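*Asks:* Can you keep this structure in mind? I'll have questions shortly.
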Amino acid sequence: MAHIKVVRRSMRPEEWTDLRFGWLKRHIYADKYEIDNLMIRDARQVSEMEFEYYSDDYRPLKKGDMYFTPDGTAFIKADVNVPKELQGKELWFSLKTAAEICVKINGKYVGGVDPNRERMLITPYIDDSKTLHFDMMGYNRSKPDDERNPESLSVRGCRQIFEGAYICTVNHAVQDLVWDFELLLDIAKSDLFNEDYRNFLNRELNNAMNFIDFDSEELTGVDEAKKYIDEVVYANTNYKGSGDVALIAHSHLDIAYYWRRIHAVQKNLRTVLIQLRLMDKYPDFKYTHTQPYIYETLEKYYPDVFEELKEKVANGQFEPVGAMYVEPDCNIPTAESLVRQCLYGQQTYERMFGKRVNNAWLPDVFGNSWIMPQILKKSGVEYFVSNKMSTWNDTNRFPHNNFIWKGIDGSSVLACVPPTHFITWNAPSQIQENWEAYIDKDQGGQTMNMFGYGDGGSGCTEEMIELMHRFDKLSVMPKCEHMGGAEFLEKNLKNNSNLETWDGELYLEMHRGTFTTKSNLKRENRRLEYKLRDAEILSLMRKEDNNDEIRALYKKLLVNQFHDILPGSHIHPVYEDAMADYRELNSALDKIIGTGSKYFNTLNFERDALTFIPNKKGTSTRYGVKGNWIVPHIPAMASKSLRATKGDSSWIEIGDRVETPFYSISFNADGSIASLYDKKLDREWVDGDFNKLKIYTDNPGNYDAWDILPNYKDKQIDVKVEEPLELCELDGETATFKTVLTTEKSRWTMLVRVFRQSKGIEVENIVDWQEKHKLAKAEFACNVLTRKALCDTSAGFIERDTHRNTTWQQARFESCHHKWCDLSETDGGVALINDGKYGVGLLENTMSLSLLRATIRPDVTSDMGMHNFCYMIMPHADNAVAAGINNLAFQYNVPLVKSDAEWSLPDFAPLYLQAAKLSENGKMAVIRLSEQNGTRGTIKLDKPVKLLNMLEDVQKEIDTIEYKPFEIITIGIEE
Amino acid sequence: MTVKNYVETVLQPKIQGDGGWIEFESLDGSVLTVVFRGECSKCLILHRCVEWIEEQIKQDCHKTVKVNAIRKKPYFQDV
């Protein structure tokens, strides 16, 4: 018999239930009184609390009018006399909107409405006058991730139609029944639950709905339907679920993303107000909120709301979590930046609430550096939470959810990578999904399930809490327990001897493009990290009490390390804001650093690498500045006058090959190197394309700024040689060769420098970059046999496999490094030192340094325009550690400063002086030292010092520093 | 201020603030052709914004224009 596909034309019983559920929701409001005297005034926000108004006065706002403008803020107001027929009743304000609106009543901010909730209780604000003065401040920003809330997707856009605002009463019987149906229909529609139970639900929900007479003028049968659900549906315990899920209320708030940082102030205000009101209504409701920075904005601009928040913190309902100042990117910032995230974050919480937190709360960050456990641990952080590795990994299933994370130095923190997304709405299917995805069921205790709308804040809703209150009525659900974030971590991870250990970086198998996107941000961040270091060192040496100024500058840098700013995943105005901040920082730090008659070496080891010293009369050019290449030979933390040596060009021979004291080089016309023969080591370094510019098509799809796909090498575009390589500058120290390369749209000038006194070969790139969907890389195929590459992390090096034996190596086709990476045999290798690049591919004998991308989402013009950056090819004897590559990379990134200040403390060699600053309490010098080479040893001190943690708490007194591989040690020295 | 300048210096920053993008293409008589990219390119209610742009130009540049809106969707959203 032939099979005939049956297309049903009649309604299935489940569809009939759905249809009536929609009708039921129309009866939630019992009485509605339209506010018909609303007035509106359009504006645009120009700073955190400044608005540029489009008109001098307000205009009427009527139902059906268009409201909101691109990037606009609307101020809406009305004086409302509560109608007599509504007086004495429980009243709500209702405004269905796609916008995000903070609501002030009678002069006080009290709540908010947005796409995720349309009403707020107003009874508490009605006094004897029965008049309410509404003042609303609304924003209507595109929220691309609202796909998670499909109802708001259809109304997204800059210009909205005003659907009216109302004072109303709620029919609680209907509302309760609506929540019952929301809960039960979610289960009925989810494949994750038992099929027989779902059939039972479909049958019984239809039966329950049959009690309601939708044709009657006054909806009848609601109580009977509710009774039926209680007695038949909730009473059924024949179907048993399993699992133990902790429900943590949280709202993710991107400080900048599809909105500027200035807008996060009000996004946070709205989020906090909504959660405070939920706490009023539901005394058992607890909510976790991160980022001390965002608390600061509330304290500064909305002190009344902040005082309310403090009360809720005191009663345990509002829980500050996350020790870091913001939720930073955790790949690109240096160790010292991450320390300061903790220091200033904890300091802020301590000042505000009298206590620190013991967790790092980083749900959305794009992978986490191996250096973090130590930094967290020494900053009072025992617990770490980050979601991405479980749900975003594109290749491998991360093998733990609740586990011990061991860091590069061997110290560890207790970690939770929750099995599912940090944005959920407490639907039973989401909770069931979390339990099923939970990999540590046998040893991890409960699984963490975060709920609450987010990205742009918003948080939990009444519905989420009401659903939660019904979960224990359902035998089919996992056991659910609502608790705070710290409570979950203490309960399930503390003293849990069954937890397994992950020893390594938390590499995210996605978002690999964020090491490269918006290269200018990365370069400026790198430069300013070291400039802040210099400013603090010099301030300490000069005994300047400028802690407040430096702290403010540091905080500005830290905010811009937020995980959608520094990684480049944001709209264009966010980039402009960050660059403006960087200019401001640069100028302020220049003033602090000042000037002097001599060059000061802020590194605590001798400066022995060839260095470019700017000088208007110089005979070389670098970054468009005249100067000279000099080997400074300045001792650690000391100063010296420098003079360029006058030499002739006899050190180099330029023919078919270029002969330098170190190499015999054969260049190609495009600046790549066909042969790099090392005269001293008697070996060839090149085995394939070497210093070869390659531009690949780069089409990762919707997550354009974030991702690079594993097949990016499939298609390469033509790079033409417009001007073949030829000598353009020569003096007694350096010879610079220039080539100009072009694509159809871009022009790439490459300056290749060889030196008389250095084995390094520097490549300066001046690029007019006008591509779309391209990834530019410089590739280096080395005559080196190794299966490991070393990569700088800023606080020690990490070894990375260069083979593709398993899916774990295959997934890491692009990884993050800091100042250098290296491929070496035991007696020699090639290092690549950069001054602001982070993405690198490591495959067999090849390093491919990612230089530029050209993405169009979220920023249409990302990375377009002029770029100027350098890297140094540094072949060497021995392995990278013995060759001192790390010290060379510091010298390449930390410029000499002009200063006559004197350093009176030891140099603490062989540790790296990561920071030297006045303590936060102004009473001692704080010295932070980092072991970077994987060695162990002791440093005997002249006098006893205080051993500190990274929050500058005294741990004990010591007179000898005992260090182990990759350890970061903080000491305090009192005068 | 010319209409081109107005689009590039006044409207563009506002549109960018919502993740959108507008580019002046041409002004032919009263027909102003602009290219919408970014979030604007897939906006379901772009026509409302277009009307607002016409109003703004009339108010600030004292010119009556009819906007010819060209959407340039990124390849990954061009379905």
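The values are calculated or read from the model by the stated rules, or taken from the named source; none is laboratory data. Remember, predicted model here, so these are calculated numbers, not experimental data. We place every Cβ from the backbone using ideal geometry, glycine too, and count neighbours over all the protein chains shown.
*Asks:* I'm trying to understand the selection: among the residues of the stretch A:232-265, which are more than 14 Å from chain B (Cβ to nearest Cβ) and of a type in the set (Gly, Ala, Ser)?
*Replies:* Matches in the stretch A:232-265: A:Ala235, A:Gly241, A:Ser242, A:Gly243, A:Ala246, A:Ala249, A:Ser251.
*Asks:* Still on this structure, please answer the following. Working only within the stretch A:583-601, note down all residues that are part of a loop (DSSP other than H, G, I, E, B) and not small (Gly, Ala, Ser).
*Replies:* A:Thr595, A:Lys598, A:Asn601
*Asks:* Consider the stretch A:611-632. How many of its residues are assigned to a loop (DSSP other than H, G, I, E, B) and either free of Cβ contacts under 8 Å to residues at least 24 places away in the same chain or buried (at least 21 other Cβ atoms within 10 Å of the Cβ) (or both)?
*Replies:* Qualifying residue count for the region: 2.
*Asks:* Can you name every residue in the stretch A:233-252 that is in a loop (DSSP other than H, G, I, E, B) and either in contact (Cβ under 8 Å) with a residue 12 or more places away in the chain or crowded, with 20+ Cβ neighbours inside 10 Å (or both)?
*Replies:* A:Asn236, A:Thr237, A:Asn238, A:Tyr239, A:Lys240, A:Gly241, A:Ser242, A:Gly243, A:Ser251, A:His252
*Asks:* A further question follows. Being farther than 26 Å from A:Glu844 by Cα, under 42 Å from the mean Cα position of the chain (by Cα) and crowded, with 18+ Cβ neighbours inside 10 Å is the requirement here; does A:Asp704 meet it?
*Replies:* So A:Asp704 fits the description; yes.
*Asks:* Confirm whether A:Asp57 is without any contact (Cβ under 8 Å) to a residue 40 or more places away in the chain, more than 14 Å from chain B (Cβ to nearest Cβ) and out of contact with any Cys (no Cβ under 6 Å at 6 or more places or on another chain).
*Replies:* Yes, satisfied.
*Asks:* Quick one: would you say A:Arg26 is within 14 Å of chain B (Cβ to nearest Cβ), over 40 Å from the mean Cα position of the chain (by Cα) and not small (Gly, Ala, Ser)?
*Replies:* When the stated conditions are applied, A:Arg26 does not pass them.
*Asks:* Here are A:Thr960, A:Thr935: which of them is free of Cβ contacts under 8 Å to residues at least 40 places away in the same chain and part of a loop (DSSP other than H, G, I, E, B)?
*Replies:* Residue meeting the stated conditions: A:Thr935.
*Asks:* Next question. Which condition number in (1) of a type in the set (Gly, Ala, Ser); (2) in contact with a helix residue (DSSP H, G or I) (Cβ under 7 Å, 6 or more places away or on another chain); (3) more than 27 Å from A:Arg527 (Cα to Cα) is the one that A:Ala795 fails?
*Replies:* Tallying (1) of a type in the set (Gly, Ala, Ser); (2) in contact with a helix residue (DSSP H, G or I) (Cβ under 7 Å, 6 or more places away or on another chain); (3) more than 27 Å from A:Arg527 (Cα to Cα), A:Ala795 fails exactly one: (3).
*Asks:* So which residues in the stretch A:125-144 are under 23 Å from A:Glu308 (Cα atoms) and touching a residue at least 24 places away in the same chain (Cβ under 8 Å)?
*Replies:* If the condition is that a residue be under 23 Å from A:Glu308 (Cα atoms) and touching a residue at least 24 places away in the same chain (Cβ under 8 Å), then A:Ile126, A:Leu132, A:His133, A:Phe134, A:Asp135, A:Met136, A:Met137, A:Gly138 are the ones that fit.
*Asks:* Select from the stretch A:757-816 the residues that are more than 30 Å from A:Leu727 (Cα to Cα) and among the hydroxyl-bearing types (Ser, Thr, Tyr) and list them in ascending order.
*Replies:* A:Thr786, A:Thr793, A:Ser794, A:Thr802, A:Thr806, A:Thr807, A:Ser815
*Asks:* If you don't mind, another one. Please go through the stretch B:12-35 and give me each residue that is touching a Phe, Trp or Tyr at 6+ places or on another chain (Cβ under 9 Å), within 17 Å of A:Pro573 (Cβ to Cβ) and not small (Gly, Ala, Ser), ordered by number.
*Replies:* Correct list: B:Gln12, B:Ile15, B:Asp18, B:Trp21, B:Ile22, B:Glu23.
*Asks:* On to the next question. Any residue in the stretch A:460-472 that is in a loop (DSSP other than H, G, I, E, B), of a type outside the set (Val, Ile, Thr), buried (at least 22 other Cβ atoms within 10 Å of the Cβ) and in contact with a strand residue (DSSP E or B) (Cβ under 6 Å, 6 or more places away or on another chain)?
*Replies:* Scanning the stretch A:460-472 turns up at least one residue that is in a loop (DSSP other than H, G, I, E, B), of a type outside the set (Val, Ile, Thr), buried (at least 22 other Cβ atoms within 10 Å of the Cβ) and in contact with a strand residue (DSSP E or B) (Cβ under 6 Å, 6 or more places away or on another chain).
*Asks:* Now, a different point. Against the condition in contact (Cβ under 8 Å) with a residue 40 or more places away in the chain, under 30 Å from A:Ala915 (Cβ atoms), assigned to a helix (DSSP H, G or I) and among the β-branched types (Val, Ile, Thr), how does A:Ile294 come out, does it pass?
*Replies:* Yes.
*Asks:* Can you go through A:Asp698, A:Asp682 and tell me which one is over 23 Å from A:Tyr530 (Cβ atoms) and crowded, with 16+ Cβ neighbours inside 10 Å?
*Replies:* Answer to the check: A:Asp698.
Every residue, every condition in (1) at pLDDT below 95; (2) under 30 Å from A:Asp801 (Cβ atoms); (3) surrounded by 22 or more Cβ atoms within 10 Å (Cβ to Cβ), yes or no:
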| position | (1), (2), (3) |
| --- | --- |
| A:Gly456 | yes, no, yes |
| A:Gly485 | no, no, yes |
| A:Asn496 | no, no, no |
| A:Asp503 | no, yes, no |
| A:Leu508 | no, yes, yes |
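*Asks:* Among the residues of the stretch A:253-266, are any in contact with an Asp or Glu (Cβ under 9 Å, 6 or more places away or on another chain), closer than 30 Å to A:Ala578 by Cβ, small (Gly, Ala, Ser) and in contact (Cβ under 8 Å) with a residue 12 or more places away in the chain?
*Replies:* Yes, the stretch A:253-266 has at least one match.
*Asks:* Name every residue in the stretch A:434-443 that is buried (at least 23 other Cβ atoms within 10 Å of the Cβ) and outside any helix (DSSP H, G or I), in order of residue number.
*Replies:* Scanning the stretch A:434-443 gives a single hit, A:Tyr438.
*Asks:* Could I ask something else about it? Test each condition in (1) more than 30 Å from A:Tyr239 (Cβ to Cβ); (2) out of contact with any Gly (no Cβ under 6 Å at 6 or more places or on another chain) for A:Arg523 and report the one that comes out false.
*Replies:* Checking A:Arg523 against (1) more than 30 Å from A:Tyr239 (Cβ to Cβ); (2) out of contact with any Gly (no Cβ under 6 Å at 6 or more places or on another chain), the one that fails is (2).
*Asks:* Can you work out which of the residues in the stretch A:849-869 that are assigned to a strand (DSSP E or B), surrounded by 20 or more Cβ atoms within 10 Å (Cβ to Cβ) and in contact with a helix residue (DSSP H, G or I) (Cβ under 9 Å, 6 or more places away or on another chain) is nearest to the other protein chains (Cβ to nearest Cβ)?
*Replies:* A:Arg853
*Asks:* Right, something else. Counting only residues that are modelled with pLDDT under 95 and on the phi > 0 side of the Ramachandran plot, which one in the stretch A:102-161 is nearest to the other protein chains (Cβ to nearest Cβ)?
*Replies:* Here the answer is A:Gly157.
*Asks:* Okay, moving on. Do you know which residues across the stretch A:352-404 are under 22 Å from A:Asn949 (Cβ atoms), surrounded by fewer than 21 Cβ atoms within 10 Å (Cβ to Cβ) and out of contact with any helix residue (DSSP H, G or I) (no Cβ under 8 Å at 6 or more places or on another chain)?
*Replies:* A:Gly354, A:Lys377, A:Ile404
*Asks:* Quick one: is A:Ile550 among the hydrophobic types (A, V, I, L, M, F, W, C), away from chain B (no Cβ under 14 Å) and in contact with a Ser or Thr (Cβ under 8 Å, 6 or more places away or on another chain)?
*Replies:* Answer is yes for this residue.
*Asks:* Separate question: Out of all the residues in the stretch A:381-401, is one or more under 23 Å from A:Ser815 (Cβ atoms), assigned to a loop (DSSP other than H, G, I, E, B) and among the aromatic types (Phe, Trp, Tyr)?
*Replies:* Within the stretch A:381-401 (the criterion being under 23 Å from A:Ser815 (Cβ atoms), assigned to a loop (DSSP other than H, G, I, E, B) and among the aromatic types (Phe, Trp, Tyr)), the answer is yes, since at least one residue qualifies.
*Asks:* Would you confirm whether or not the stretch B:13-23 contains a residue that is touching a Leu at 6+ places or on another chain (Cβ under 9 Å), closer than 21 Å to B:Cys61 by Cα and aromatic (Phe, Trp, Tyr)?
*Replies:* Within the stretch B:13-23, not a single residue is touching a Leu at 6+ places or on another chain (Cβ under 9 Å), closer than 21 Å to B:Cys61 by Cα and aromatic (Phe, Trp, Tyr).
*Asks:* Determine which member of the set A:Asp230, A:Asp176, A:Asp223 is in a helix (DSSP H, G or I), among the acidic types (Asp, Glu), within 30 Å of A:Ile101 (Cβ to Cβ) and modelled with pLDDT of 95 or more.
*Replies:* A:Asp176
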